[in-house]
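**Student:** Below is a structure I'd like to ask you about.
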Protein chains: 2
Amino acid sequence: MSDIDLILDHIEANLPASIDKFVQFLAFPSVSSQPEGREGIAACAEWLRSELAGLGLETQLITTDGHPLVMGKSWQRDGYLRVLLYGHYDVQPVEPLDAWRTPPFEPACRDEDGLTRIYARGASDSKSQVWSVLEALRAWKETQGGFPVNVTVLLEGEEETGSPSLPAFIDTHGDELACDVAFISDSDMWSPTRPAITTRLKGLLHEKITIVAPNGDLHSGHYGNVAANPVRILAKILASIHDDEGRVTIDGFYDGVRPVPARLREQWRSLDLKEALAGVSVCGAVQEGGHGAIELMWSRPGIDFNGVVGGNTGPGERSVLPSSATARLSFRLVDEQKPERIRSLFRRFVETRLPDGCHVEFDGAGGSSAVSVNEASRFIAATARALDAEWPEPTLIKGTGGAVPLVGFLTDRLGIDCIVTGFILADDAIHAPNERYDVERLRKGIRSWARILSELESDRRQ
Amino acid sequence: MSDIDLILDHIEANLPASIDKFVQFLAFPSVSSQPEGREGIAACAEWLRSELAGLGLETQLITTDGHPLVMGKSWQRDGYLRVLLYGHYDVQPVEPLDAWRTPPFEPACRDEDGLTRIYARGASDSKSQVWSVLEALRAWKETQGGFPVNVTVLLEGEEETGSPSLPAFIDTHGDELACDVAFISDSDMWSPTRPAITTRLKGLLHEKITIVAPNGDLHSGHYGNVAANPVRILAKILASIHDDEGRVTIDGFYDGVRPVPARLREQWRSLDLKEALAGVSVCGAVQEGGHGAIELMWSRPGIDFNGVVGGNTGPGERSVLPSSATARLSFRLVDEQKPERIRSLFRRFVETRLPDGCHVEFDGAGGSSAVSVNEASRFIAATARALDAEWPEPTLIKGTGGAVPLVGFLTDRLGIDCIVTGFILADDAIHAPNERYDVERLRKGIRSWARILSELESDRRQ
């Protein structure tokens, strides 16, 4: 057996170098959902490939219709476990840019609240999660000469856009991904002291709707009471999606949604909501039906409005009837809700609410179903042991409203157990301006992954 | 008596020069509602002052807290009518800029549909209206050696922002504006062949509301079903402002609104709606109560949504719960509706619909009451005779949903008859991208104003 203490000591000694390289990683503007991100994505992928090569992995840069996948393999130990380690290097857009205290791709360290925080887009979601895995591999390599399992590292550049290229890649390269267990390093903790493994992940689809009136912009003084106003039509449609209790009114939306098992529900109800929502005020919350907040976050489906724009958004008054108005919505799905069916129910719902003469343009993206991971897997137990050894409180088995498309593909297409874990916290401001991560969590995250690899060492292919 | 034919011939001969100078006038980016317009406004005001001086008027550039007023006087004929001629040289913002076929302040001529059209912001509203008056004065000056009445020209740079500096100016300079009749050159025709005088003008106020949640932007996957979403709250509030019949639901909103006199209502009902809405499709119109479209446009109050913005407005998907959402509304008021009362009713309406913990920021602008001009004025009759002589169809007495704040000030504060006329058409795209005006209307507009001055020549102070 390898000496985990030696490995952990090496991590501590190497921490300044780990941080330096992490900062380099953060500086790539790898925004996957905007055309101007293409160059930053490509440079980041090449940098990662070279990092994987430096760990002694056999690397490939796999081009797709979208952004490249970076793969690295060390596959030398017959009879040993085959472990897939997945992360993503693409990040969310940074708008609104003027809300950032420091530029999103110029990582800035600030000492605050007893922590050293690094501010950058991707600092938490998900470059810290990727980097923790890579630095744990480095510690194993540099102290033990290699890894305790056969390793495939897969780093994706399209997670934030719903992983459009992954299904085709899995269909054509399924053999290369064959493994006994997959680890998805892209999830959150319950609290700063309590780690978690996420076993229930919601499905996700995006819809963009644009209501278009038959005219160009009109003078609202002249035609205000008469001509169709797309902002008014859009507001009526958006307002009709939820009833006063927050329940979605789209006919058939809840088909296929199952009640949460009583055991799980009781366990979740015993959790302290304040911890689940650390740093987040939920005043003004709309709580659907009789479901508690944790149930709503982890296991109830929902529709969110992510953005809206139409007409005059400039600084001054303009008496204009806008010719169009746009909203962006995201749908979080659970259990047996089918994304394409939900999409078509929603589109019909909008179309039947349009006044004569106006039309609507739809632009959909994503479309993944919810996934549940087998909670009896021995790999969940092994991971929990590793995390319990590193953190002050015991590992929680939880759900999430966030989506990781790969988990669905691996579970449904390849039948592989996916262990979803990570060290993101509620107040990391992921997907928002001033995203951040602290150095202490980076350190304990690297140590956690080193411990997980150690727990797997004694396991063998069965 | 002067020879009107001689004057009209001079207008024809001088037309190419008139158009050249009109194009110079259009090139000033005189946007009043945005800070970056200040320079264009100042240059435009100085240019106009010099033009008025060239017409032999005694000129003043009057500074205000906002943008300057340009005044010119020729006040030499005792016993002759004192006539105030008002126009505005400021223009609406140009956004969205990418919707313009040619830049808004680089006037472009295009031959289309048998017309030569000039495209520029302000081409119709209202630089063409100002320029028609000035060129009519020039024709009088150059053929007759002077004007047939005592003239005060007042050109404003803040009409598009609700004329905030005018009340103080009228209070302090009321004497200089003393006149027997005021002409407001800033209104529209009924159709390309039928001129109009507008006797009913709606009041106007603007409100900007921003719904703010207690948190910054949040990940919509994690908090989507739980945390307050300002876009959702805003949509609910906007949607609740009108009922399914288009009636405003704000308690007390219709207080002070009088029925249209039966005679006027009948006359308006006999008009062909297609002409009123030339070039504008009203499919999808919401018609409040049993009121016809013309009544809605000219004499019913209303609330319009001019713009909305919140959350992700960028090109890609972002799973964000926005921290705030903003809407801009304008209110068109009639009869005895009081702007400050309506503003406070509206703000209370919004506040009572806010969930706990969220707050709203209000930013109001404008605030003018509706105005009715005495339809029995002899100056209306004189103006109608002049217009009837120039255009193929008889002059229509009409209302408008547009506001001209000065009319209220002159009518209410100084008791002066205001004759509101002009040659704007429905498809001029005023307040919208690709605003335009045709050379033929510029020609007939100049001729119309020359004829109006001629009709006033025989009138004397009474």
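The values are calculated or read from the model by the stated rules, or taken from the named source; none is laboratory data. Just so it is clear, the structure is predicted and the values come from calculations on it, not from any experiment. FYI the Cβ positions are ideal-geometry reconstructions off the backbone, even for glycines, and counts take in every protein chain you see.
**Student:** Quick one: what pairs do we get from region B:242-266, first residue more than 16 Å from A:ASN225 (Cβ to Cβ), second assigned to a loop (DSSP other than H, G, I, E, B) and of a type outside the set (D, E, K, R), C-beta under 7 Å, 6+ apart or different chains?
**Tutor:** B:GLY256/B:GLN337
**Student:** I'm trying to understand the selection: among the residues of region A:24-33, which are more than 14 Å from every other protein chain (Cβ to nearest Cβ) and either in contact with an Asp or Glu (Cβ under 9 Å, 6 or more places away or on another chain) or buried (at least 17 other Cβ atoms within 10 Å of the Cβ) (or both)?
**Tutor:** Of all residues in region A:24-33, those more than 14 Å from every other protein chain (Cβ to nearest Cβ) come to A:24-28.
Correct list: A:PHE25, A:LEU26, A:ALA27, A:PHE28.
**Student:** While we're looking at this one, here's another question. Report every pair of residues separated by at least 6 positions or lying on different chains whose Cβ atoms are under 6 Å apart, first residue within region A:314-337 and farther than 15 Å from A:LYS208 by Cα and outside the structural domain of A:GLY162 (by TED's automatic domain parsing), second crowded, with 24+ Cβ neighbours inside 10 Å and of a type in the set (Phe, Trp, Tyr).
**Tutor:** So the pair list comes out as A:LEU321/A:TYR223.
**Student:** Can you pull out the residues in region A:446-461 that are within 25 Å of A:VAL371 (Cα to Cα) and within 21 Å of the chain's Cα centre (by Cα)?
**Tutor:** Selection gives A:SER448, A:TRP449.
**Student:** Counting only residues that are in contact (Cβ under 8 Å) with a residue 24 or more places away in the chain, in a loop (DSSP other than H, G, I, E, B) and within 14 Å of chain B (Cβ to nearest Cβ), how many does region A:84-112 have?
**Tutor:** Summing the residues that are in contact (Cβ under 8 Å) with a residue 24 or more places away in the chain, in a loop (DSSP other than H, G, I, E, B) and within 14 Å of chain B (Cβ to nearest Cβ) in region A:84-112 gives 8.
**Student:** Does region B:356-381 hold any residues that are surrounded by fewer than 18 Cβ atoms within 10 Å (Cβ to Cβ) and over 21 Å from the mean Cα position of the chain (by Cα), and which are they?
**Tutor:** Once the filter is applied, which keeps residues that are surrounded by fewer than 18 Cβ atoms within 10 Å (Cβ to Cβ) and over 21 Å from the mean Cα position of the chain (by Cα), region B:356-381 yields B:ASP356, B:GLY357, B:HIS359, B:GLU361, B:PHE362, B:ASP363, B:ALA376, B:SER377, B:ARG378, B:ALA381.
**Student:** Could you tell me which residue of region B:51-77 is surrounded by the most Cβ atoms within 10 Å (Cβ to Cβ), considering only residues that are free of Cβ contacts under 8 Å to residues at least 24 places away in the same chain and under 20 Å from B:SER32 (Cβ atoms)?
**Tutor:** B:GLN60
**Student:** Closer than 30 Å to B:SER323 by Cα and either of a type in the set (Lys, Arg) or within 13 Å of chain A (Cβ to nearest Cβ) (or both), is that true of B:ASP427? Step through it out loud before you land on a result.
**Tutor:** Numbers: closer than 30 Å to B:SER323 by Cα: no; either of a type in the set (Lys, Arg) or within 13 Å of chain A (Cβ to nearest Cβ) (or both): yes.
Considered against the rule, which asks whether it is closer than 30 Å to B:SER323 by Cα and either of a type in the set (Lys, Arg) or within 13 Å of chain A (Cβ to nearest Cβ) (or both), B:ASP427 comes out as no.
**Student:** Same structure, new question: Taking region B:313-358, which residues are within 18 Å of A:LEU238 (Cα to Cα), more than 7 Å from chain A (Cβ to nearest Cβ) and of a type in the set (Val, Ile, Thr)?
**Tutor:** B:THR326, B:VAL350
**Student:** Here is a check on your reading of the model: is B:SER372 among the polar types (S, T, N, Q) and closer than 25 Å to B:LYS208 by Cα? Can you show your working first?
**Tutor:** On the way: among the polar types (S, T, N, Q): yes; closer than 25 Å to B:LYS208 by Cα: no.
Criteria not met by B:SER372.
**Student:** Also, quick follow-up: Looking at B:ILE430, B:ILE424, B:ILE397, which is the one that is over 20 Å from B:GLY87 (Cβ atoms), under 23 Å from the mean Cα position of the chain (by Cα) and touching a residue at least 24 places away in the same chain (Cβ under 8 Å)?
**Tutor:** Details: B:ILE430 fails: over 20 Å from B:GLY87 (Cβ atoms); B:ILE424 fails: over 20 Å from B:GLY87 (Cβ atoms).
Testing whether each residue is over 20 Å from B:GLY87 (Cβ atoms), under 23 Å from the mean Cα position of the chain (by Cα) and touching a residue at least 24 places away in the same chain (Cβ under 8 Å) leaves just B:ILE397.
Each row is one residue, and each column tells you yes or no for (1) in the same structural domain as B:ALA168 (by TED's automatic domain parsing); (2) assigned to a helix (DSSP H, G or I); (3) in contact with an Asp or Glu (Cβ under 9 Å, 6 or more places away or on another chain); (4) more than 22 Å from B:THR102 (Cα to Cα).
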position: B:ASN14; (1), (2), (3), (4): yes, yes, yes, yes
position: B:LYS21; (1), (2), (3), (4): yes, yes, yes, no
position: B:GLY37; (1), (2), (3), (4): yes, yes, yes, no
position: B:ILE41; (1), (2), (3), (4): yes, yes, yes, no
position: B:LEU48; (1), (2), (3), (4): yes, yes, no, yes
position: B:ALA53; (1), (2), (3), (4): yes, yes, no, yes
position: B:GLN60; (1), (2), (3), (4): yes, no, yes, yes
position: B:HIS67; (1), (2), (3), (4): yes, no, yes, yes
position: B:VAL70; (1), (2), (3), (4): yes, no, yes, yes
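**Student:** Quick one: how many residues across region A:34-50 are surrounded by fewer than 21 Cβ atoms within 10 Å (Cβ to Cβ) and within 13 Å of chain B (Cβ to nearest Cβ)?
**Tutor:** So the count comes out to 4.
**Student:** While we're on this one: Residues being within 14 Å of another protein chain (Cβ to nearest Cβ) and aromatic (Phe, Trp, Tyr): count how many of those fall in region B:155-202.
**Tutor:** Adding up the residues that qualify gives 1.
**Student:** Condition first: modelled with pLDDT of 85 or more and among the hydrophobic types (A, V, I, L, M, F, W, C). Now tell me which residues in region A:411-421 satisfy that.
**Tutor:** Of everything in region A:411-421, those that are modelled with pLDDT of 85 or more and among the hydrophobic types (A, V, I, L, M, F, W, C) turn out to be A:ILE416, A:CYS418, A:ILE419, A:VAL420.
**Student:** Can you find even one residue in region A:118-141 that is modelled with pLDDT of 95 or more, closer than 18 Å to A:SER18 by Cβ and among the acidic types (Asp, Glu)?
**Tutor:** Yes: region A:118-141 contains one or more residues that are modelled with pLDDT of 95 or more, closer than 18 Å to A:SER18 by Cβ and among the acidic types (Asp, Glu).
**Student:** Which residue is modelled with the lowest pLDDT, if the candidates are limited to region A:376-398 and must be under 15 Å from A:CYS418 (Cβ atoms) and among the hydroxyl-bearing types (Ser, Thr, Tyr)?
**Tutor:** Going through the qualifying residues, I end up with A:SER377.
**Student:** For the condition hydroxyl-bearing (Ser, Thr, Tyr) and more than 23 Å from B:TYR119 (Cβ to Cβ), what is the one hit in B:SER32, B:SER50, B:SER18? Lay out the reasoning, then the answer.
**Tutor:** Values: B:SER32 fails: more than 23 Å from B:TYR119 (Cβ to Cβ); B:SER18 fails: more than 23 Å from B:TYR119 (Cβ to Cβ).
Matching residue, one of B:SER32, B:SER50, B:SER18: B:SER50.
**Student:** Here's another thing I want to ask about it. In region B:191-214, how many residues are touching an Asp or Glu at 6+ places or on another chain (Cβ under 8 Å), surrounded by fewer than 21 Cβ atoms within 10 Å (Cβ to Cβ) and not aliphatic (A, V, I, L, M)?
**Tutor:** The total comes to 5.
**Student:** Still on this model: Name the residue that is farthest from the chain's Cα centre (by Cα), counting only residues in region A:223-251 that are at pLDDT 95 or above, surrounded by 14 or more Cβ atoms within 10 Å (Cβ to Cβ) and in a loop (DSSP other than H, G, I, E, B).
**Tutor:** A:SER240
**Student:** What pairs come out if I take residues in region B:151-180 that are in contact (Cβ under 8 Å) with a residue 24 or more places away in the chain and buried (at least 24 other Cβ atoms within 10 Å of the Cβ) and pair them with residues that are part of a loop (DSSP other than H, G, I, E, B) and among the basic types (Lys, Arg) whose C-beta lies under 9 Å away, six or more apart or interchain?
**Tutor:** So the pair list comes out as B:GLU160/A:ARG318.
**Student:** While we're on this one: Might you let me know whether region B:399-410 holds any residue that is over 23 Å from B:LEU296 (Cβ atoms), outside any helix (DSSP H, G or I) and at pLDDT below 85? Write out each step before concluding.
**Tutor:** Residues of region B:399-410 over 23 Å from B:LEU296 (Cβ atoms): B:406, B:409-410.
When the remaining residues are screened for being outside any helix (DSSP H, G or I), the result is none.
No: zero hits.
**Student:** Select from region A:92-125 the residues that are out of contact with any helix residue (DSSP H, G or I) (no Cβ under 7 Å at 6 or more places or on another chain) and hydroxyl-bearing (Ser, Thr, Tyr) and write down the one among them that is farthest from A:CYS44 (Cα to Cα).
**Tutor:** Once the filter is applied, the top-ranked residue is A:THR102.
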